[in-house]
Amino acid sequence: MWFRLARYGVGMTELLISGAGVLAEVWRGNLLESAHLGQLVVLDDRGETTLAVGDPDAVIYARSSLKPLQTVAMLRAGWHPTSDASVALACASHSGESEHLATVRAMLREAGLDENALQNTPAYPLNGDAERRWRANGNGPSSLTQNCSGKHAAMLATCVANGWDTATYRDPAHPLQQVISAAIADLTGDQQSPHVTIDGCGAPLFSTTLHGLARAFARIATAPDAAEVRVSRAMSAHADLVGGTGRDVTAAMRAIPRLICKDGAEGVYAGAFLDGTAFAFKVLDGGARPRPAILAATLQAAGALNVDGVDAAALAALGAVPVLGGGQPVGEVRVAFRDNCRP
């Protein structure tokens, strides 16, 4: 049995690698030290593929890049938050800074609930300074400070709005999760039944194709429907809430007017411009190191430098990922598809 399982594991790994291409190279001095494989797709404003690395139809778990899709689903289902800040927090993997926590608390109060209703996995704030302040006040890991608490607060508020049970909202069979699953299928256009598992925060997680994830972001950026419009407007207006201080997702949306984008665990990213040009990528090894460089190059490939009001210097800074030796830059992370990035 062990031998058969081992052979099965190797076979699955080989299959995964066969659908990937090189996204980024790690150079130390004049030697290529490492390489990051993955898949990437860029779609133009008509939905046509203009750049692909590896298999753009690879099935992935989009992780937190799925949150804007989940938020559209909740707005469609009758969640009516009074502020766009709440919508942005529902889409966020926030850093646990004071503004993030205040917004989550406000979302819960609006639904007639408090922090005790949250069922996401307790954790410390992602932001180092916020974590130190939290610990200094004698606090331990909390569902409030865990980066997905905005999504969970929105899930609870949607249940309250519909009269659904709040105690079981994380059950994949719960009406809320069924609504979310249907909306993901609608937004992505994916035809196959999704894989269903549990995300790190404890909520159900549905698979998509990489291509479908890009299509969904294009739909959110351009659709005239109220839910999509509100998500797009909230994310671009509250980039600080979607991520936080020093986060690449926040820096990207500040650099490019009306861009929406969302990072996800295990090396996932997706986004779209106001005209519907969209992208998605997955770093195969799940590493975070090359993500900012890949993100900046992908945005350039999608035409970011042609967007009115773009901060080209900030975009260039986002893509500069040094390799350090003795605390000093001795190399860099280079994007393998850089020659395809159009000005």
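The values are calculated or read from the model by the stated rules, or taken from the named source; none is laboratory data. All values derive from a computational prediction rather than experimental measurement. Counting neighbours? That spans all protein chains shown, and the Cβs are built from the backbone with ideal geometry, glycine included. The area values use the complete protein model at the heavy-atom level, side chains included, leaving out ligands, DNA and RNA. Shrake-Rupley method; radii C 1.70, N 1.55, O 1.52, S 1.80 Å.
With the contact rule set at Cα under 8 Å and sequence spacing of 6 or more, what percent relative contact order holds for the range 74-126?
On the way: 22 pairs, mean separation 19.1, N = 53.
Computed value for the range 74-126: 36 percent relative contact order.
Taking square-rooted eigenvalues a ≥ b ≥ c of the alpha carbon gyration tensor, is the range 36-166 rounded, prolate or oblate, where a/c under 1.5 means rounded and, failing that, a/b exceeding b/c means prolate?
Values: a/c = 2.48, a/b = 1.43, b/c = 1.73.
Note, shape of the range 36-166 comes out oblate.
In terms of the Cα gyration tensor, with a ≥ b ≥ c the square roots of its eigenvalues, is the range 246-329 rounded because a/c is under 1.5, prolate because a/b exceeds b/c, or oblate? Working shown, then result.
Values: a/c = 2.26, a/b = 1.36, b/c = 1.66.
Since a/c reaches 1.5 but b/c is at least a/b, the shape of the range 246-329 is classed as oblate.
Would you work out which of A185, G319, W27 lies farthest towards the positive end of the dipole of the chain? Charges go on Cβ: Lys and Arg +1, Asp and Glu -1.
Selected residue: W27.
Please list, in chain and number order, the residues 5+ apart from T50 or on another chain whose amide H is under 5 Å from its amide H, with Hs placed from the backbone.
Correct list: V42, L43, D44.
Counting heavy atoms of the protein chains only and a 1.4 Å probe, report the per residue accessible area for the chain as a whole number of Å².
Working: 14510 Å² over 343 residues.
Spelled out: the 1.4 Å probe surface of the chain, per residue, equals 42 Å².
In percent, what relative contact order does the chain have, based on Cα pairs under 8 Å that are 6 or more apart in sequence? Spell out each step's value before the answer.
Working: 720 pairs, mean separation 78.9, N = 343.
Reported relative contact order: 23 percent.
For V268, which sequence-distant residues (separation of 5 or more, or a different chain) have an amide H within less than 5 Å of its own amide H, given hydrogens modelled in the peptide plane?
Close amide H contacts, sequence-distant or interchain: V283.
Quick one: dipole size for the range 175-317, taken about the Cα centre, charges +1 on Lys/Arg Cβ and -1 on Asp/Glu Cβ, in debye to the nearest 20. Walk me through the numbers on the way to the answer.
On the way: 11 positive and 13 negative charges, 24 e Å.
With only Lys, Arg, Asp and Glu charged at Cβ, the dipole is about 120 debye.
Using +1 on the beta carbon of Lys and Arg, -1 on that of Asp and Glu, and nothing else charged, what's the dipole of the chain about the Cα centre, debye to 20?
Rounded to the nearest 20 debye, it is 360 debye.
Can you list the residues, at least 5 places off or on another chain, whose amide H is less than 5 Å from the amide H of A58, using H built in the peptide plane?
Here L210, H211 satisfy the definition.
Which value in deg cm²/dmol, rounded to the nearest 500, describes the helix-derived mean residue ellipticity at 222 nm for the chain, given -39,500 (n - 2.57) per DSSP H run of n ≥ 4 and division by the residue count?
Calculated at 222 nm, the ellipticity per residue is -12500 deg cm²/dmol.
Between A117, S83, V53, whose Cα lies farthest towards the positive end of the dipole of the range 1-124 when Lys and Arg beta carbons carry +1 and Asp and Glu beta carbons carry -1, centred on the Cα centre?
Looking along the dipole axis, the top candidate is A117.
Nearest 20 debye, what's the magnitude of the dipole of the range 98-143 about its Cα centre given +1 on Lys and Arg Cβ and -1 on Asp and Glu Cβ? Before the final figure, lay out the partial values.
Values: 5 positive and 6 negative charges, 28 e Å.
The calculated dipole for the range 98-143 is roughly 140 debye.
Report, in cubic angstrom per residue, the convex hull volume of the C-alpha atoms of the range 105-160.
Values: hull volume 4.1 nm³, N = 56.
In the range 105-160, the Cα convex hull volume per residue is 72 Å³.
What does the charge count near V160 come to, summing +1 for each Lys or Arg and -1 for each Asp or Glu among other residues with Cβ under 13 Å from its Cβ?
Working: positive: R109; negative: E110, D114, D165.
Charge balance in the 13 Å sphere: -2.
Which length gain, in nm to one decimal place, applies between N137 and A237 when the Cα-Cα distance is subtracted from 0.36 nm times their residue separation?
32.9 nm
Give the carbon-plus-sulfur fraction of the accessible surface of the chain in %, rounded to a whole number; probe 1.4 Å, heavy atoms of protein chains only. Show your work: numbers first, answer last.
Values: 7630 of 14510 Å².
Heavy-atom surface of the chain belonging to carbon and sulfur, 1.4 Å probe: 53 percent.
Suppose we keep just the DSSP beta bridges with both residues in the chain; what percent of those would be antiparallel, to 5? Don't skip to the end; give the middle numbers.
Working: 43 of 43 bridges.
If I count the DSSP bridges inside the chain, around 100 percent turn out antiparallel.
Could you tell me which of rounded, prolate or oblate describes the chain, using a ≥ b ≥ c as the square roots of the eigenvalues of the alpha-carbon gyration tensor, with rounded for a/c under 1.5 and, failing that, prolate when a/b is larger than b/c and oblate otherwise?
Working: a/c = 1.39, a/b = 1.33, b/c = 1.05.
Rounded, because the longest to shortest axis ratio a/c is under 1.5.
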